[in-house]
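Everything below concerns the one structure shown next.
The values are calculated or read from the model by the stated rules, or taken from the named source; none is laboratory data. Just so you know, these numbers come straight off a predicted model, no measurement behind them. Cβ coordinates were reconstructed from backbone atoms using ideal geometry, including for glycine residues, and neighbour counts include every protein chain displayed.
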Amino acid sequence: MLTLICGAAWVLLGSSLFDARAVQVAGTKEVPTDVVRAVAAVPLGTPMLRLDTTAIERRVAAVPRVASVQVRCSVDGTVRIELAERTPVVVVRRGNGLHLVDVTGTDYAMVPVEPPGLPELRSDRVGPWDASTVAALTVLTGLPQWLRAQVRSIAANSPADVVLRLDSGRPGAGRGGSGREVRWGGVEDGGRKVAVLGPLLTQPGKIYDVSSPALPTIA
């Protein structure tokens, strides 16, 4: 019995039969696979049972565009790195350029031009640690598509003071013009606010206040 155990241990840890032989990367779009391989630094030739997959995941997760990563080992010697990249939901203008921010509030990349269809987040402080950022993104991502498509920018002076700026609503006006302001308030009662705002937007006005959906106003 002991001989069998020792033999199995030698096969798994001592022989080259179950060594890491190749690295496979999946899920990349913007991040080059060569970058992932280099950052992962998988020690090929190491027995699979000795691979520190947690350390590999930690190294890959440090790439700014990576949202999540999982490492799996196969009996054929393949180390598979599966990752999901961050998806931008807003753009932030800063002194050094345009920054992409994902749903968590993480600023993860700079771009030379503003991506089409992304609203601007107007805030002096942007990050997953900032309550106002979290509130603004919670409101934005919770909007139905018909409304979200009209949002030019979003701001939050506090978690209870989210403000949307929409397209003007005039055919052919595009994303320019004076636009319309929606005073949303906090993140609560999102469904009621959307239901109230829809009919309100059919009425002329510049400022639509649904922060208290029971008492909406137009100015």
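A few notes on this one:
- For region 80-104, the set of residues classified as over 22 Å from Gly27 (Cβ atoms) and assigned to a loop (DSSP other than H, G, I, E, B) consists of Gly95, Asn96, listed by residue number.
- The numbered conditions (1) assigned to a loop (DSSP other than H, G, I, E, B); (2) under 16 Å from the mean Cα position of the chain (by Cα); (3) surrounded by fewer than 16 Cβ atoms within 10 Å (Cβ to Cβ) are all true for Thr28 except (3).
- Of note, Val101 satisfies the criterion of being at pLDDT 95 or above, among the aliphatic types (A, V, I, L, M), closer than 28 Å to Ser132 by Cα and in contact with an Asp or Glu (Cβ under 7 Å, 6 or more places away or on another chain).
- Filter result for Arg21 (more than 21 Å from Pro88 (Cβ to Cβ) and touching a residue at least 40 places away in the same chain (Cβ under 8 Å)): yes
- Within region 163-211, the only residue that satisfies the criterion of being among the aliphatic types (A, V, I, L, M) and modelled with pLDDT under 95 is Ala173.
- Among residues of region 40-62, those that are of a type in the set (A, V, I, L, M, F, W, C), under 20 Å from Tyr108 (Cα atoms) and surrounded by fewer than 18 Cβ atoms within 10 Å (Cβ to Cβ), counted: 2
- Lone qualifier among Trp129, Trp146 - being surrounded by fewer than 17 Cβ atoms within 10 Å (Cβ to Cβ) and within 17 Å of the chain's Cα centre (by Cα): Trp129
A quick yes/no check of all residues on (1) assigned by TED's automatic domain parsing to the domain that holds Ala156; (2) not polar (S, T, N, Q):
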site: Arg37; (1), (2): no, yes
site: Ala41; (1), (2): no, yes
site: Pro47; (1), (2): no, yes
site: Leu51; (1), (2): no, yes
site: Ala61; (1), (2): no, yes
site: Val90; (1), (2): no, yes
site: Arg93; (1), (2): no, yes
site: Asn96; (1), (2): no, no
site: Gly105; (1), (2): yes, yes
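- Residue selected from region 68-87 under the condition without any contact (Cβ under 8 Å) to a residue 40 or more places away in the chain and either buried (at least 17 other Cβ atoms within 10 Å of the Cβ) or in contact with a Cys (Cβ under 9 Å, 6 or more places away or on another chain) (or both), by the criterion farthest from Arg21 (Cα to Cα): Arg86
For every residue, the table says whether it meets (1) in contact with a Lys or Arg (Cβ under 9 Å, 6 or more places away or on another chain); (2) modelled with pLDDT of 95 or more.
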residue: Asp34; (1), (2): no, yes
residue: Ala38; (1), (2): no, yes
residue: Ala41; (1), (2): yes, yes
residue: Pro47; (1), (2): no, no
